[in-house]
Amino acid sequence: MNAVYILWLREMRRYLRSRAQIVASLGQPALYLVALGFGLGPVFKKAGEGSYLQFVAPGVIAMTVLFSSIFSGIGLLWDRQFGFLKETLVAPVPRIQIMIGRTLGTATVAVIQGLLVVIVCFVAGFRVANLARAPLALLFMGLIACLFSALGTAIGSVLENMQGFQLVMNFLVMPIFFLSGALYPLHNLPKMFALVTQIDPLSYGVDGLRTMLIGASHFGGALDALVLAGIAVMLLAVGSYLFSRIQV
């Protein structure tokens with residue numbers, strides 16, 4: 001387990017040393033909060049849905065965790081390009097420990113960035129409906145982070161260059177985000193569209209955060225947690241298998 005801790009610590013140090021990354025991670029969420037939260041607020045309120053800022057803030061938090069965690073695969077390709085991955089893989093350590101350490105490290109970084117966005121949301125005017133349930137939102141942030149960190153590592157394990165990874169991300173990350181209901185309610189959707197949102201794992205993460213932060217739920221908090229945990233375990237298993245097949 002020392003290898004897991006060392007790799008987790010390495011990811012944390014790499015993140016904390018990059019002040020530019022910390023600042024840049026707040027740019028896009030702040031833009032969504034300002035442009036959408038205030039721009040579409042009057043339209044959302046006129047439709048009888050209440051405050052759009054309250055509605056969209058959990059989605060923006062989930063978006064931040066998604067983007068940060070799934071791009072862990074880029075770090076894997078970067079390490080492969082500069083030889084650090086080779087040094088890690090030839091070490092007398094089970095590869096599953098290496099994969100788990102990387103996944104937990106990037107998931108922790110994603111949760112930290114999500115917490116920074118929570119602060120931005122509070123500054124913008126977002127308020128938690130029930131403070132007693134707010135700590136459970138951290139659980140959902142962790143589940144989202146672990147799920148998509150494992151997915152990013154799995155994808156990074158089968159690709160060999162940055163161009164291929166960017167192509168996959170453009171056809172995967174943005175649909176996952178926009179089909180999750182982060183920016184719009186999931187009720188009263190067309191049947192086909194509603195089916196797609198139910199397949200999207202981020203839908204359950206966004207819904208879980210909304211349940212804990214503003215008390216609005218579509219699937220139910222228990223189902224959200226169960227689905228996220230199940231998919232995260234499955235992707236960890238798949239990612240571990242693909243990571244173990246990387247050729248040194």
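The values are calculated or read from the model by the stated rules, or taken from the named source; none is laboratory data. Everything numeric here is computed off the predicted structure, so don't read it as measured data. Here the Cβ is made from the backbone with ideal geometry for all residues, glycine too, and neighbour counts use every protein chain on show.
If you go through the range 103-112 and keep only what is under 9 Å from Ser68 (Cα atoms) and crowded, with 24+ Cβ neighbours inside 10 Å, you end up with Thr106, Ala107, Val109, Ala110. Candidates Gly142, Gly220: the one that is free of Cβ contacts under 8 Å to residues at least 40 places away in the same chain, out of contact with any Cys (no Cβ under 9 Å at 6 or more places or on another chain) and closer than 26 Å to Leu31 by Cα is Gly142.
The test for being more than 23 Å from Phe44 (Cα to Cα), aromatic (Phe, Trp, Tyr) and in contact (Cβ under 8 Å) with a residue 60 or more places away in the chain holds for Phe243.
Among residues of the range 219-248 being outside any helix (DSSP H, G or I) and at pLDDT below 90, the one that is nearest to Gly156 (Cα to Cα) is Ile246.
Taking the options Val168, Val196, name whichever one is closer than 30 Å to Gly50 by Cα and in a helix (DSSP H, G or I). Let's see the steps before the verdict.
Numbers: Val168 fails: closer than 30 Å to Gly50 by Cα.
Testing whether each residue is closer than 30 Å to Gly50 by Cα and in a helix (DSSP H, G or I) leaves just Val196.
One residue is enough: does the range 65-72 have a residue meeting the conditions surrounded by fewer than 13 Cβ atoms within 10 Å (Cβ to Cβ) and either assigned to a helix (DSSP H, G or I) or modelled with pLDDT of 80 or more (or both)? Within the range 65-72 (the criterion being surrounded by fewer than 13 Cβ atoms within 10 Å (Cβ to Cβ) and either assigned to a helix (DSSP H, G or I) or modelled with pLDDT of 80 or more (or both)), the answer is no, since none of the residues qualifies.
Working only within the range 225-240, note down all residues that are touching a residue at least 40 places away in the same chain (Cβ under 8 Å) and either in contact with a His (Cβ under 9 Å, 6 or more places away or on another chain) or β-branched (Val, Ile, Thr) (or both).
Taking the range 225-240 as the starting set, the residues that turn out to be touching a residue at least 40 places away in the same chain (Cβ under 8 Å) are 225, 228-229, 231-232, 235-236, 238-240.
The answer is Ile231, Val238.
The set of residues from the range 116-150 being aliphatic (A, V, I, L, M) and in contact with a Pro (Cβ under 9 Å, 6 or more places away or on another chain) comprises Leu116, Val117, Val120, Ala137, Ile144, Leu147.
Table: residues versus (1) of a type in the set (A, V, I, L, M); (2) out of contact with any Phe, Trp or Tyr (no Cβ under 9 Å at 6 or more places or on another chain); (3) exposed (fewer than 15 other Cβ atoms within 10 Å of the Cβ).
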position	(1), (2), (3)
Leu159	yes, no, no
Ile176	yes, no, no
Pro185	no, no, yes
Asp207	no, no, no
Leu213	yes, no, no
Ser217	no, yes, no
Leu226	yes, no, yes
Met234	yes, yes, yes
Gly239	no, yes, no
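Of the helices (runs of 4 or more DSSP H) lying entirely inside the range 1-51, those containing at least 1 residues that are under 21 Å from Ile70 (Cβ atoms) and modelled with pLDDT of 70 or more span 2-17, 27-32.
For the range 171-188, the candidate set comprises residues that are assigned to a helix (DSSP H, G or I) and within 15 Å of the chain's Cα centre (by Cα); within that set, the residue that is nearest to Phe67 (Cα to Cα) is Val173.
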